Structures are given as structure tokens and as C-alpha cells.
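Scroll down for the structure; my scribbles are underneath it.
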Amino acid sequence: MLDNHLPKLLPYVPFSSWNRVAGGFFSRHGGRSRTPFAALNVSYGVGDDPSQVDSNRKLIKEALGLNCLVSARQVHGDEIAVIDTPVADDHEHSGFDALITNQPGVGIMIQQADCQAVVLYDSKKRVVANVHAGWRGSVANIVAKTIEEMNSQFGCEPSQIKAAISPSLGPCCAEFVNFAVELPESFHQFQITPNYFDFWAITRSQLQDAGVIPGNIQAAGVCTRCDHNYFSYRRTPSTGRCATVAALG
């Protein structure tokens, strides 16, 4: 049975209170896709019917009042796309894992099923970024690189940036049995039990090291593997992708 209700933004949407920023962390509910992608899958790369994905993305635009949606065909790398000219139509950039824009009304979207989306916002410079940070992205410190790009391109000062960390794989479920070869030694301090790591704390640490004030960092603190309101690759490898979207108002 299809879930044909409006897309659902669950209550913990930290940046909903940010001045003149639209968006939030979308759950898996309220879309058109069928099992195993039910219902609000936003990814074209998981085997879902593209027409259903189109419909789901349209629902998100309607829910947020956006004319266009820019996304990234993510590769777990550290490349950053800067959107600094007007955008009229939907577009998906291939090979990028972070998006930055100063263009009002352009929704920038990260797709996830356990990975973190980290939204960054400078209210003074009117610049917003959306970062896909899986464990490989964390190792590459894509969050810090995105902040550096915001500073280089738009003069954003890290101390003025607010950050919001999406629902994602929690320390309860972030098991890395091969962490000795996959994760740098600097991450080992974030091991909470044998083979389990707190990537929320890793991201907080990377944000602070990049100059973000601790009080400007908020996190949903929700594990996507435990919470069935979200898609989770760790829970079900054949699954959809949730959306985190941010747009300047």
C-alpha cells in the first residue's frame, strides 16, 4: 500500500528556527515509492522507479515551497559543488558530496541511509551548505573542507557558522570491525565499546576544530538503524534514501 500523505519532517529539525532558512530532516514517510523503497525515497541510484523518485522530489519541493532542488550524486569523496548563480531547474551534480549556495530559493539536498548530513549556515553572509559525511567523508574531514570553501568563496567566518547534524548511524550501531585499517588513529578516542564509534562526537570535534563555536552545533541524536522512521542501509541493504534539504529564504 502506498503512503500518499505529505512528506513528514519529524519534530527534531534543529535548523527550522534559523532565520530565513527553509528545510529539514525528512523521514522515510509520505512518498510514492513501493517496498523496499517505501515511501519517500529520493535516490535514483538504488533501483527505484525514476518516476516515483521524481514524484517524491516534487513533494519535497511543494512541502518547502521551492521551485528547484539541487542534489549531489554522492561518491563518499570530498568534492564540493558551489552554486553561486541563479538556478531555474532541478539538477543533480555527479561526483560531489557537499553543496554550497548563496542563491535564495535553491534547495540543496543530501541523500542518506545512515550517513550524516551536516547543514552549515552563515546568517551574516547568507550562505548555506549541506554536507554528506559517511565514515569515508569523516576520514577525509569533508566538513572542515566545506567550511574552508565557504570562507574562501564567500568570506564566511567559522565562528559565525551554525551547524546541524541529521539523524544518522548512532554510536549504538556504528560497528567497524576493521577500524584499525579504516579509521585514523585520531578517531580511536571516540571508540565507546569494542569496535563501536561515536561519529556524532567525531563530527562535533571536527566542526569545533574548524572554528565552529560549540554552542552553534546541534544534533538530532537519532540513530537511523534503530529508528524505523528512516531508511537504513545497515538495517536493510536494499532500501531507499532519506533527504536532508536546506534553502535560503
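Bear in mind these aren't lab numbers, they're just calculated from the coordinates by the rules spelled out. It should be emphasised that the depicted structure is a prediction, and the values quoted were computed from it without experimental measurement. Note that we place each Cβ from the backbone using ideal geometry, even for glycine, and neighbour counts take in every protein chain shown.
Want the number for Asp49 to Val177: 0.36 nm per residue separation, take away the alpha-carbon distance, what's left?
Details: separation 128, 0.36 × 128 = 46.08 nm, distance 3.45 nm.
Contour length minus the Cα-Cα distance gives 42.6 nm.
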Within the stretch 14-248: Cβ-based charge dipole about Cα centre, in debye rounded to nearest 20 (Lys, Arg +1; Asp, Glu -1): 640
Fluctuation leader among Ile60, Ile165, Ile83 - the chain, Gaussian network, Cα springs under 10 angstrom: Ile83
Arg73 long-range amide H proximity, modeled H, under 5 Å: His93, Ser94, Gly95, Phe96
Asp209 versus Arg73: modelled label distance in nm, points set 7 Å from Cα along the beta carbon direction: 3.2
Among Gly155, Gly107, Gly77: highest mean-square fluctuation, GNM of the chain, C-alpha pairs under 10 Å: Gly155
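Say a site is exposed when it is one of the trypsin sites (Lys or Arg not before Pro), sits in a DSSP loop, and has at most 13 other Cβ atoms within 10 Å; what is then the longest site-free stretch of the chain?
Details: sites that count: Arg20, Lys124.
By the stated rule (loop sites, at most 13 other Cβ atoms within 10 Å), 125-249.
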Between the stretch 17-72 and the stretch 129-199, the Cα center-to-center distance that results, in Å: 24
The stretch 93-114 residues near the modelled Asp84 label - backbone nitrogen below 11 Å, point 7 Å along Cα→Cβ: 101-102
Links that overshoot a 25 Å alpha carbon limit, given the list Lys61/Lys162; Lys58/Lys162; Lys125/Lys145: Lys58/Lys162
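Working out 0.36 nm times the residue gap between Lys58 and Ser94, then minus their Cα-Cα distance, what length gain in nm do you get to one decimal?
Numbers: separation 36, 0.36 × 36 = 12.96 nm, distance 2.01 nm.
Contour length minus Cα-Cα distance gives 11.0 nm.
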Estimated FRET transfer efficiency when R0 is 41 angstrom, pair Lys124-Thr35 (beta carbons, to 0.05): 0.35
GNM flexibility winner over the chain from Val131, Val82, Val212 (Cα, springs under 10 Å): Val82
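Relative contact order of the chain, please, whole-number percent, based on alpha carbon pairs below 8 angstrom and at least 6 residues apart. Before the final figure, lay out each step's value.
Numbers: 603 pairs, mean separation 59.6, N = 249.
24 percent.
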